[in-house]
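A quick write-up on the structure given underneath.
The values are calculated or read from the model by the stated rules, or taken from the named source; none is laboratory data. Every value quoted in this text rests on a predicted model; they were computed, and no experiment measured them. Ideal geometry is used to build each Cβ from the backbone, glycine not excepted, and the neighbour counts take in all protein chains shown. Side chains included, ligands, DNA and RNA excluded: accessible areas come from the protein's heavy atoms. Shrake-Rupley method; radii C 1.70, N 1.55, O 1.52, S 1.80 Å.
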Amino acid sequence: MWIIIRLLLGIAILVIVEFYFIKHVNLAIKLFFPTFYEKKFHLVRKIFLVWMNLYPLVLIFIFTYFAITGSYLPAPENRIIDYLIIYPFWTFFVLIIQCCLFFIPLDLIKIFSHLFIKRTRTHLLKIRSALIFLIIVFFILYIPIRVIYDYNEVSIREIKYEKQELPASLDGFRIAFISDIQADHFTDKGRLSNYLNKVNSLNPDLILIAGDLITTGPDYIELSAQEVGKLKAKYGVYSCIGDHDNWAYRNDYARSLSEVKSALNYHGVQMIDNQIKTIDVEGTELEISIITATYVEDVPKNILDSLTINNSGSFKIFLVHQPQPELIETAKKNGFDLFLAGHTHGGQITFVFPFIQLTPTMFETSYIRGDFWFDRMLMIINRGLGMSLAPLRYNSTPEISLINLVNK
């Protein structure tokens, strides 16, 4: 039932924003291209809307099939379909939401201006139509460029963590932190290799991963494990469990996780479930509490308390997939130095708007990307590489966090 409600809600939102967007496009086209508007625009608009809504129709069929049968029907994986249907739809969807965010203030200005200005309404209408046209043109150019950039580029963000009386063996210690690799049809071998090669190029002492090695389906487990297995660090590569690691088989979480863990272990990477990993760095104990907190399973409170109270290392790291507030509070209370999480994709789709970070992720958490201090504990939210739901990133460039430990 919940799937049907979400489906109907999604359709309603799509219809409303499309109607609102097209209404404003009509004004701009009518002002700048009146002849085209009268003769051909209505036909072009119909063809365009049919084309842009082919993908939602496919999703409606897949969700309906799942709701009726309980079996997950994967979307077709084909490059022709990607470039003719899937990418155009998502780019168009981002375009209409992005433009509508600016249309709303223009409409509010229009309402208030009509209350106080009576004689120049025609002139104001032309100005408003011109602004609408400029907004649409700007984002038609900006959005594809930004999406392509965020698909191909990787940002390396260096963070210096200073601590008083840091043991000499940890002074200059380098931790590469990544998350949400999410191997799938869109994050293929080439994209994975490019990202992971950049991690190796940093020559880290330790590599930590905040889960989500795949997106969904079992087909990419081996590819992800094989590529992640190429990561090199003197003190090893370790991962916590992510949401999507449970979803290789939608109705069998245990099998999904078992296959992901086995594949990683075969390639020399440990995916750890609610344990403390102690690493000896020239006689100094660096201890990592690796916690499982996902949509499928949350760490029980007694286990969480045990894994945090009993972490007595000279340097203490809390590694988890989701940056849940209660986990942050527990880590801070127990004197952790670093809290590392992913999950958010850095706000995978983040809309341009003055002074506000607008992204759907903000409805789940306020810890979207970057660094957050809680007394002496530093929380780092990594933007990751992969994508979920939408096969694109917008204003959220993939990221590698390189943490340098420094004696203060």
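A few remarks follow.
- Subset of segment 19-57 (residues that are open to solvent by less than 60 Å² (accessible area, probe 1.4 Å), in a helix (DSSP H, G or I) and more than 25 Å from Ile127 (Cβ to Cβ)): Leu49, Met52, Tyr55, Pro56
- For segment 163-195, filtering for residues that are assigned to a strand (DSSP E or B) and either open to solvent by less than 10 Å² (accessible area, probe 1.4 Å) or within 27 Å of Glu227 (Cα to Cα) (or both) leaves 6.
- When residues in segment 137-155 are screened for being outside any helix (DSSP H, G or I), surrounded by fewer than 17 Cβ atoms within 10 Å (Cβ to Cβ) and not acidic (Asp, Glu), 1 of them pass.
- Gly211 fulfils the conditions (1) at pLDDT 95 or above; (2) assigned to a helix (DSSP H, G or I) except for a single criterion, (2).
- Where a residue in segment 174-186 is farther than 18 Å from Val147 by Cα and its partner, wherever it lies, is among the hydroxyl-bearing types (Ser, Thr, Tyr) and open to solvent by less than 10 Å² (accessible area, probe 1.4 Å), with Cβ under 6 Å and at least six apart: Phe177/Ser401; Ala183/Ser224
Quick grid of which residues meet (1) under 30 Å from Phe103 (Cα atoms); (2) of a type outside the set (A, V, I, L, M, F, W, C):
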| site | (1), (2) |
| --- | --- |
| Leu327 | no, no |
| Thr330 | no, yes |
| Phe363 | yes, no |
| Leu385 | no, no |
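- Out of Arg376, Arg369, Arg383, one residue alone is open to solvent by 10 Å² or more (accessible area, probe 1.4 Å), farther than 25 Å from Leu192 by Cα and of a type in the set (D, E, K, R). It is Arg376.
- When His321, His267 are screened for being of a type outside the set (A, V, I, L, M), open to solvent by 20 Å² or more (accessible area, probe 1.4 Å), closer than 27 Å to Tyr151 by Cα and in contact (Cβ under 8 Å) with a residue 24 or more places away in the chain, only His267 passes.
- Contacts under 8 angstrom Cβ, first residue in segment 192-213 being in contact (Cβ under 8 Å) with a residue 24 or more places away in the chain and under 9 Å from Ile181 (Cβ atoms), partner β-branched (Val, Ile, Thr) and in a strand (DSSP E or B), 6 or more apart: Tyr195/Ile178; Tyr195/Ile400; Ile209/Ile178; Ile209/Val237
- In segment 312-349, the residues that are farther than 24 Å from Ile279 by Cα and in contact with a strand residue (DSSP E or B) (Cβ under 7 Å, 6 or more places away or on another chain): Gln324, Thr344, Gly346, Ile349
- The residues of segment 199-234 that are of a type in the set (S, T, N, Q), farther than 15 Å from Gly268 by Cβ and surrounded by 21 or more Cβ atoms within 10 Å (Cβ to Cβ) amount to a single one, Thr215.
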